[in-house]
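Just so it is clear, none of the values below were taken in a lab; they were calculated from the coordinates. Remember, it's a predicted structure, so these values are computed and weren't measured experimentally. Here the Cβ positions follow ideal geometry from the backbone for every residue, glycine too, while neighbour counts run over all protein chains shown.
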Amino acid sequence: MSLPYGVDVTIPSVARMYDSLLGGRDNYPADRAACEELLKHVPSMRELALNNREFLRRVVHVLAAERGIQQFIDHGSGLPTQDNVHEIAQRVHPSSRVVYIDSDPIVRTIGGVLLASNENTAVLQADMRETDEIFSSEPVHRLIDLNEPVAALFVSVLHCIPDRDRPAELVARVAKRLPAGSVMVVCQLVSDSAEVREAVSRFMDEQTQGHWGRVREKKDVADFCAPLDVIEPGLVEVSTWRPGRNDVPAQRSWEWEEYGGVGFVRR
């Protein structure tokens with residue numbers, strides 16, 4: 001598969017680094033080298049990524065099977081990997097509809113090929129901060145009925161948004177667009193250690209040439225969830241959100257964690 005025009009794979013991409021940590025194949029030497037260097041700062045990164053993926057799977061299944069949600073907008077979806085949102089949701093409700101959103105053109109290229117035969121899914125190349133552009137796009141108009149509940153996902157992506165772009169306001173803008181009965185899933189990387197927050201944020205900002213926000217604190221995630229009525233078990237380290245028997249092992253160390261939860265949009 002040829003690369004999209006203008007893509008420089010010598011610059012690590014967060015989406016491709018995540019793919020590498022999950023054992024995927026759609027990444028390049030620069031992405032893998034960045035992951036190896038990141039693991040020196042936070043040795044638990046690989047387990048954290050695997051646990052985060054398990055959290056996404058559990059959340060989507062719960063929303064589809066227990067809450068009856070059949071529409072999903074996945075902000076910052078990353079590269080397609082095994083058991084994607086649409087596969088989980090469509091096992092419960094075959095007519096479930098999913099729009100994946102990512103700014104990485106490689107995500108758009110690979111996702112478009114893999115999902116070409118699934119008429120209820122689409123990949124939109126867009127900046128997840130551009131709420132108006134997303135909700136006025138052809139894929140959202142075609143697949144998402146804003147008269148019915150929607151699940152908007154921000155899973156492990158808000159740490160890619162710098163404070164100047166006001167991630168809390170982004171969540172609030174999307175919440176206002178969603179109809180009654182809709183839910184949002186919000187989580188991001190947090191650490192109690194100022195040293196870890198500063199070191200990892202600096203490293204990722206340098207590696208991705210500015211395509212990064214920062215590792216935050218738990219109180220920041222609580223602020224992001226202000227428009228939501230968070231459901232049990234509340235805001236937690238994600239491996240403890242309704243864990244399954246066969247989930248991957250817990251992190252070996254706790255320099256940082258993925259923290260968040262699920263909530264109904266408050267009206």
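SER96's amide H: which non-local residues (gap 5+, or another chain) put their own amide H closer than 5 Å, with H modeled 1.01 Å from N in plane and none for Pro or chain starts?
Result for SER96 returns nothing.
Can you pull out the GluC sites (Glu not before Pro) in the range 22-116 that DSSP calls coil and that have at most 11 other Cβ atoms within 10 Å?
GLU66
For a bin width of 5 Å, list the pair-distance distribution of the range 215-267 built from all Cα-Cα distances, rounded to whole %.
Per 5 Å bin, starting at 0, the Cα pair percentages come out as 4, 18, 25, 22, 16, 10, 3, 1, 0.
For the range 136-233, would you read off the P(r) tail past 21 Å as a percentage of all alpha carbon pairs?
41
Counting other C-beta atoms within 10 Å, which of ARG216, ARG197, ARG142 has the fewest, and how do the rest follow?
Starting with the residue having the fewest Cβ neighbours, the order is ARG142, ARG197, ARG216.
Beyond 32 Å, what percent of the Cα pairs of the chain remain?
So the portion of pairs separated by more than 32 Å is 16 percent.
Cα centroid distance between the range 35-74 and the range 160-226, in Å?
15
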